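Report on one structure; see the data block that follows.
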Amino acid sequence: MTSTPFQASRGTRDIWGEEILLWQALEQRARDILGRANYQEIRTPIFEVTELFSRGIGEGTDIVNKEMYTFTDRGNRSLTLRPEGTAGVVRSLIEHKRLSQGVVRCWYLGPMFRYERPQAGRQRQFHQLGVELFGSADPRADVEVIALGLEFLQPLALPSLTLELNSVGDPEDRQRYQAALVEYLTPYVQDLDPDSQVRLTKNPLRILDSKHPTTQAILATAPQLPQYLSKDAHAHFEQVQAGLTALGWSYVLNPRLVRGLDYYTRTAFEITTTDLGAQAAVAGGGRYDRLVQQLGGPDTPAVGWAIGLERLVALWQKQGVSFTVAPDITVVAVGEATANLSLQISHMLRQHGLRVEMDVSQSSLSKQIKRADRLGSKACVILGETEVATKQIPVKWLATGVQELVPFPSGFADPQPWQYKCHHPPVA
């Protein structure tokens, strides 16, 4: 009886081959840009106690109610695979008492988990790049964080990026607005889509995110959140806008933008593209000044964002962006006597910083050389029993067809000619 081959679970996928080069390019770009702004990487556990997310994200959110991967371990503890990164970062900084040391700038990158319908650019296991700045209520902190997201995204050749900006005010502002919104929507309750009808009593602000045409039409004349901002919240938002303008970043005010997590205060933003259909946002974030205290830490203002890497990779692939990596040199060999010499030469060339592939296929020399050419190798080091005996090693430069003899070990010890020739292959 033949067993069925194993497959990746629904909503998960393997990343390898040429695609992994796109991921590595994004990850390296993040390290470069965020490192220059003095943000330090932080790595937190993939699972945390469930209460961290239910208290931090909000009991009324779809994430907590519908999408979390929660399980009970052998110690009868309720644990959850992280659905987002901020709550774990906050827990870590509280636990290790880092928030008493002034402003903390950090970033993270890793897998997150949400049980939702898989679609293009959205998986049940997905990857987020996130930035967090703790300890400053200064509007310049908001501007710095938003600008870093734009700086990361702008050179990636994504189509029609737009920064959408709003202020959700302080909790007291939202309470006043929520009351006005519920009063406005109540007469239309039967006309709202089913999800919005449920949200009207559980989380009314989430109705603003509805894509249902009838609900959108009802919302067209609804009260707008910016009308309910306090004087301080309004002044903060004005300064954020002024800072972005000073840096030359354009934006669009979106009074319905509230984000999907309950912990946001004041600044909220998304960076969208025209090339992802309904899932237009490639980045989103804002300020969350009450979250640290809500999770048991000191009163600490904070601002941050997260970017879904799957969406960026999907956009790159749609535009035909690709990267390839070829060996600088392939070491090909036949015969048992060449085993140690092929190992030695491969090791020496790698010590010079070259990318070296040692062919271990045991094919004929001609097949190994053809394979090296297909891989895009710049040169082949060719080893047979004669070369082992004479210590004169043929090196064939595949782009030009030139072949030269190199003495072993002296000819392989100096990195300078190898680095130069790999960039300037000798011509006959």
Are there any helices (runs of 4 or more DSSP H) wholly within the range 207-309 with 3 or more residues that are assigned by TED's automatic domain parsing to the domain that holds R29, among the polar types (S, T, N, Q) and at pLDDT 90 or above, and if so which?
231-246
Which condition from (1) surrounded by fewer than 19 Cβ atoms within 10 Å (Cβ to Cβ); (2) on the phi < 0 side of the Ramachandran plot; (3) not basic (K, R) is the one that W418 breaks?
(1)
Quick check on this structure: which one of R98, R91 is part of a helix (DSSP H, G or I) and either β-branched (V, I, T) or in the same structural domain as E27 (by TED's automatic domain parsing) (or both)?
R91
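Among the residues of the range 288-297, is there at least one that is in contact (Cβ under 8 Å) with a residue 60 or more places away in the chain, charged (D, E, K, R) and farther than 21 Å from A30 by Cα? Steps first, answer last, please.
Going residue by residue through the range 288-297, those that are in contact (Cβ under 8 Å) with a residue 60 or more places away in the chain are 288-292, 294-297.
With charged (D, E, K, R) added as a condition, the list becomes 289-290.
From what's left, farther than 21 Å from A30 by Cα: 289-290.
Yes: the range 288-297 contains one or more residues that are in contact (Cβ under 8 Å) with a residue 60 or more places away in the chain, charged (D, E, K, R) and farther than 21 Å from A30 by Cα.
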Give E132, E151 a once-over and let me know the one that is in a helix (DSSP H, G or I) and assigned by TED's automatic domain parsing to the domain that holds E310.
E151
Regarding the range 44-54, can at least one residue be identified that is assigned by TED's automatic domain parsing to the domain that holds W107, closer than 30 Å to P155 by Cα and not aliphatic (A, V, I, L, M)?
yes
Quickly run through the range 179-194 and pick out the residues that are surrounded by fewer than 16 Cβ atoms within 10 Å (Cβ to Cβ) and within 34 Å of the chain's Cα centre (by Cα).
P194
Count of residues meeting criterion [farther than 30 Å from T265 by Cβ and in a helix (DSSP H, G or I)] in the range 310-334
6
Which numbered condition in (1) touching a residue at least 60 places away in the same chain (Cβ under 8 Å); (2) over 20 Å from the mean Cα position of the chain (by Cα); (3) in the same structural domain as A147 (by TED's automatic domain parsing); (4) not in a strand (DSSP E or B) is the only one that Q344 fails?
(3)
Among (1) at pLDDT 90 or above; (2) in a helix (DSSP H, G or I), where does F126 come up short?
(2)
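The values are calculated or read from the model by the stated rules, or taken from the named source; none is laboratory data. Predicted, not measured: the structure shown is a model, and the values here were computed from it. All Cβ positions, glycine included, derive from the backbone under ideal geometry; neighbour counts span all protein chains shown.
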